[in-house]
Amino acid sequence: MAQTMVTREDIERGLAGLGIDGGVEVHSSLSAFGRVEGGADAVVDVLLSSFPLVMVPAFTWGTLAAAPDGVRIERNGRKPGGRRRHYQHEWTPIAFHKDMPAAKSMGVIAETLRRRPGALRSTHPTHSFAAVGADAEEVLATAGPDRPLAPIEALVERGGWILMLGTRLTSCTALHASEHLAGRNFFIRYSVDESGNLFRIRAPGCSRGFENFDAVLDTIKREVQIGDARVRAYPGSEFFRLSVEAIKRDPRITVCSPECVSCADMLAGGPVERGTAGDNDR
């Protein structure tokens, strides 16, 4: 079956039809459009010409390290009894640096924006964001080791929107920010600095249940079709208000399945530090 051809003009017209009047936090899939004339560069060009601030996830996973010897943390989004199970990796972790490529799962549009001249990046070792435009430096500076998603909150405080380019809510990191705003505690992870020293960070958990928010957010959704892509936009302040209320009203709305350890631990209140433990308990 032939792919739909999408031009720069198609993207411009579609995004203009959403009526967005602020900066955007973008999750995207280039392949969802069909065949885009000019590729990811064309999409990024249109985003930058359409919105005063464009921010994308630029997450990296090779920066994750195993917990230090003797550390015991319960309800931490992984199965007990396995030292390197679930975010405890076999590779040697590398220190985060701002020129590090984003994980491929972020998509080529996000990586293309990250590489643009003038793009800035937050410094959280796993959950960094890249941004271009007005107030980018101030928005990204809100991030810290324990507050990876603060840039989304800062963008929304400035009248920002959540923009999904051919992606589902399971890719919507802003809903993890909603969890934080609803009072949930992110999981404890570890990374390394340039000298190889371990340090502690916080990171969100599972997002596979986020499709459960579709009905909650439907009343504020703006939607257009661009090529084969379903493009959805949500005003950030209303997005947070509705999603936080939904989490407080029914905490299980974020759960993907009863078997998911990450979802269960988050629902139970998140990590609890128990001091030292044997090697197999970490």
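The values are calculated or read from the model by the stated rules, or taken from the named source; none is laboratory data. Being a predicted model, the structure only gives us computed values, none of them experimental. Note that we place each Cβ from the backbone using ideal geometry, even for glycine, and neighbour counts take in every protein chain shown. With ligands, DNA and RNA removed, areas are computed over all heavy atoms of the protein, side chains included. Shrake-Rupley method; radii C 1.70, N 1.55, O 1.52, S 1.80 Å.
Brief remarks follow.
- The single residue among Phe187, Phe239 that is farther than 30 Å from Ala134 by Cα, of a type in the set (Phe, Trp, Tyr) and in contact (Cβ under 8 Å) with a residue 40 or more places away in the chain turns out to be Phe187.
- When region 1-32 is filtered for residues that are touching a helix residue (DSSP H, G or I) at 6+ places or on another chain (Cβ under 6 Å), outside any loop (DSSP other than H, G, I, E, B) and open to solvent by 20 Å² or more (accessible area, probe 1.4 Å), the ones remaining, listed by number, are Arg8, Glu12.
- Residue ID - farthest from Val231 (Cα to Cα), chosen from residues in region 33-54 that are buried (at least 19 other Cβ atoms within 10 Å of the Cβ) and touching a residue at least 60 places away in the same chain (Cβ under 8 Å): Leu53
- Matching residues in region 90-122 - criterion: being among the basic types (Lys, Arg), touching a residue at least 40 places away in the same chain (Cβ under 8 Å) and within 23 Å of Arg202 (Cβ to Cβ): Arg114, Arg121
- Residue check for Ser105: buried (at least 16 other Cβ atoms within 10 Å of the Cβ) and polar (S, T, N, Q): no
- Looking across region 137-159 at every residue that is part of a loop (DSSP other than H, G, I, E, B) and open to solvent by less than 10 Å² (accessible area, probe 1.4 Å), the one that is nearest to Glu238 (Cα to Cα) is identified as Leu149.
- Total residues in region 123-136, condition touching a strand residue (DSSP E or B) at 6+ places or on another chain (Cβ under 8 Å) and either in a strand (DSSP E or B) or without any contact (Cβ under 8 Å) to a residue 40 or more places away in the chain (or both): 5
- Some residue of region 199-220 being open to solvent by 20 Å² or more (accessible area, probe 1.4 Å), part of a helix (DSSP H, G or I), farther than 26 Å from Trp61 by Cβ and free of Cβ contacts under 8 Å to residues at least 12 places away in the same chain: yes
- Residue list for region 160-197, filter: open to solvent by 30 Å² or more (accessible area, probe 1.4 Å), more than 14 Å from the chain's Cα centre (by Cα) and closer than 23 Å to Ile226 by Cβ: none
- Within region 221-271, restricting attention to residues that are assigned to a strand (DSSP E or B) and among the β-branched types (Val, Ile, Thr), the residue that is nearest to the chain's Cα centre (by Cα) is Val231.
- Being under 14 Å from the mean Cα position of the chain (by Cα) and either farther than 26 Å from Phe33 by Cα or assigned to a loop (DSSP other than H, G, I, E, B) (or both) is a condition met by no residue of region 109-120.
- Selection within region 174-189 - over 22 Å from Pro125 (Cβ atoms) and hydrophobic (A, V, I, L, M, F, W, C): Leu181, Ala182
- If you go through region 55-70 and keep only what is modelled with pLDDT under 90 and either open to solvent by 80 Å² or more (accessible area, probe 1.4 Å) or part of a strand (DSSP E or B) (or both), you end up with just Asp69.
- Qualifying residue in region 233-254 (condition: aliphatic (A, V, I, L, M), closer than 30 Å to Ile11 by Cα, modelled with pLDDT of 95 or more and surrounded by fewer than 20 Cβ atoms within 10 Å (Cβ to Cβ)): yes
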